1. Would it be correct to say that residue 116 is in contact with a helix residue (DSSP H, G or I) (Cβ under 8 Å, 6 or more places away or on another chain) and part of a helix (DSSP H, G or I)?
2. For the range 196-216, which residues satisfy the criterion of being part of a helix (DSSP H, G or I) and surrounded by fewer than 19 Cβ atoms within 10 Å (Cβ to Cβ)?
3. Residues in the range 179-189: is at least one surrounded by fewer than 21 Cβ atoms within 10 Å (Cβ to Cβ) and either assigned to a strand (DSSP E or B) or modelled with pLDDT under 95 (or both)?
4. One residue is enough: does the range 155-172 have a residue meeting the conditions over 18 Å from the mean Cα position of the chain (by Cα) and part of a loop (DSSP other than H, G, I, E, B)?
5. Taking residue 138 and the conditions (1) touching a strand residue (DSSP E or B) at 6+ places or on another chain (Cβ under 9 Å); (2) farther than 14 Å from residue 82 by Cβ; (3) part of a helix (DSSP H, G or I), which numbered condition does it fall short on, given that it satisfies the others?
6. In the set 112, 102, 84, which member is over 16 Å from residue 182 (Cα atoms), crowded, with 16+ Cβ neighbours inside 10 Å and at pLDDT 50 or above?
7. Can you find, within the range 217-249, the residue that is surrounded by the most Cβ atoms within 10 Å (Cβ to Cβ) among those that are farther than 17 Å from residue 98 by Cα and in contact with a strand residue (DSSP E or B) (Cβ under 6 Å, 6 or more places away or on another chain)?
């Protein structure tokens, strides 16, 4: 599993979700006269080819930053206790995002602290195999992403699930939306998205370029992030690329 298990996994970090708005009191309105309206067409299963409706193109030069979260061997290798099963499937869409948004690409790494403190002590009691230094092989970027745009530069390392903080904020200062991809959807991607949104960043999550601890947890995490719109927008890789291109026109 990925660092703190998926949503619904034992030991997982709880993710809060906003409740539904309360409807107003009073009797229901009278139905409008005339024939009933035509039913709305159902949503297409195909990713949108153009920018997402409702997203403002923004000023020229405010291009997005791509933050590729924790595409490391510890989450991609069979047999790892933190394996994200669909890790390999998101390498291709991440590659397309990196090519489209280069050079504004940052790769992050989750690493263990030298000495865990607070509740992290209990966490690493449960996952002792992960208590290794940052230069340990399991914490290196997976070879499948090592050649992608942005992966050859210095990584942004953090001992926390969220990668948003002063270091990342300084590197993307003055930029456009923060595009998130990587693993795991239900842990480090979710934590980063909400922390960045709280800081006032516009966040685009490329849902098909993320992988979770399992399919159910991945879907639940995307649903939770959708609740934070318009601060957080869940999009497809194709939508991200099209919306990013629209900002430079």
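1. It is false that residue 116 is in contact with a helix residue (DSSP H, G or I) (Cβ under 8 Å, 6 or more places away or on another chain) and part of a helix (DSSP H, G or I).
2. Once the filter is applied, which keeps residues that are part of a helix (DSSP H, G or I) and surrounded by fewer than 19 Cβ atoms within 10 Å (Cβ to Cβ), the range 196-216 yields 198, 215, 216.
3. no
4. No - not one qualifying residue is present in the range 155-172.
5. The failed condition is (2).
6. 112
7. Across the range 217-249, the extreme among qualifying residues is 225.
A quick yes/no check of all residues on (1) at pLDDT 95 or above; (2) surrounded by 13 or more Cβ atoms within 10 Å (Cβ to Cβ); (3) out of contact with any helix residue (DSSP H, G or I) (no Cβ under 7 Å at 6 or more places or on another chain); (4) within 24 Å of residue 238 (Cβ to Cβ):
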position	(1), (2), (3), (4)
132	yes, yes, no, no
135	yes, no, yes, no
160	yes, yes, yes, no
173	no, no, yes, no
194	yes, yes, yes, no
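The values are calculated or read from the model by the stated rules, or taken from the named source; none is laboratory data. Keep in mind the model is a prediction, meaning the values are calculated, not measured. Backbone-built Cβ (ideal geometry, glycine too); neighbour counts: all protein chains shown.
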